[in-house]
1. Mind checking which residues of the stretch 25-47 are small (Gly, Ala, Ser), surrounded by 13 or more Cβ atoms within 10 Å (Cβ to Cβ) and either within 18 Å of Lys12 (Cα to Cα) or touching a Gly at 6+ places or on another chain (Cβ under 8 Å) (or both)?
2. If I go through the stretch 27-82 residue by residue, how many of them are aliphatic (A, V, I, L, M) and outside any helix (DSSP H, G or I)?
3. Please list, ordered by first then second residue, the pairs with beta carbon atoms under 6 Å, 6 or more apart or interchain, first in the stretch 53-82 and within 16 Å of Tyr33 (Cα to Cα), second in a helix (DSSP H, G or I) and basic (Lys, Arg).
4. Applying the selection to the stretch 26-56, what residues are among the polar types (S, T, N, Q) and in contact with a helix residue (DSSP H, G or I) (Cβ under 6 Å, 6 or more places away or on another chain)?
5. What's the total number of residues in the stretch 1-36 that are more than 16 Å from Ala72 (Cα to Cα) and modelled with pLDDT of 90 or more?
6. Hey, among the residues in the stretch 48-67 that are buried (at least 17 other Cβ atoms within 10 Å of the Cβ) and modelled with pLDDT of 90 or more, which one's farthest from Lys12 (Cα to Cα)?
Amino acid sequence: MEMRKGKIRQGKNKTTAVLLAVFLSQWTWVYTYRDNAWKFWTALAINMLFFWMWFIPPILTNLWAIIDNATADPEYFENYWK
């Protein structure tokens, strides 16, 4: 836990990140936006540019989000604010 301006900041949780990836696709990277902003904006741009392909881009970005968070080291999430 880290103390900033009177607030205690706890680390993030890998389970939460994976669940966000499963249910909200690229929005999982908002959970760790400081390090993953480029992933969020890239996935969002892919989905917006290729919306006419219906379900293919969302499936691919969803898989990317799930794999990215599932293979991440749990210590990354625990030490996110440090």
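The values are calculated or read from the model by the stated rules, or taken from the named source; none is laboratory data. In this text the structure is predicted, and so the values were computed from the model without any measurement. As a convention, Cβ positions derive from the backbone with ideal geometry for all residues, glycine included, and neighbour counts pool all protein chains shown.
1. Result: Ser25, single match.
2. Total meeting the criteria: 1.
3. Final answer for the pair search is Phe77/Lys14.
4. At the first step, the residues of the stretch 26-56 found to be among the polar types (S, T, N, Q) are 26, 28, 32, 36, 42, 47.
Scanning the stretch 26-56 gives Gln26, Thr28, Asn36, Asn47.
5. Total meeting the criteria: 2.
6. The first filter runs over the stretch 48-67 and keeps only residues buried (at least 17 other Cβ atoms within 10 Å of the Cβ), leaving 57-58, 61-62, 64-66.
Right, trim to modelled with pLDDT of 90 or more and you get 61-62, 64-66.
Values: Thr61: 22, Asn62: 20, Trp64: 20, Ala65: 16, Ile66: 16 Å.
Result: Thr61.
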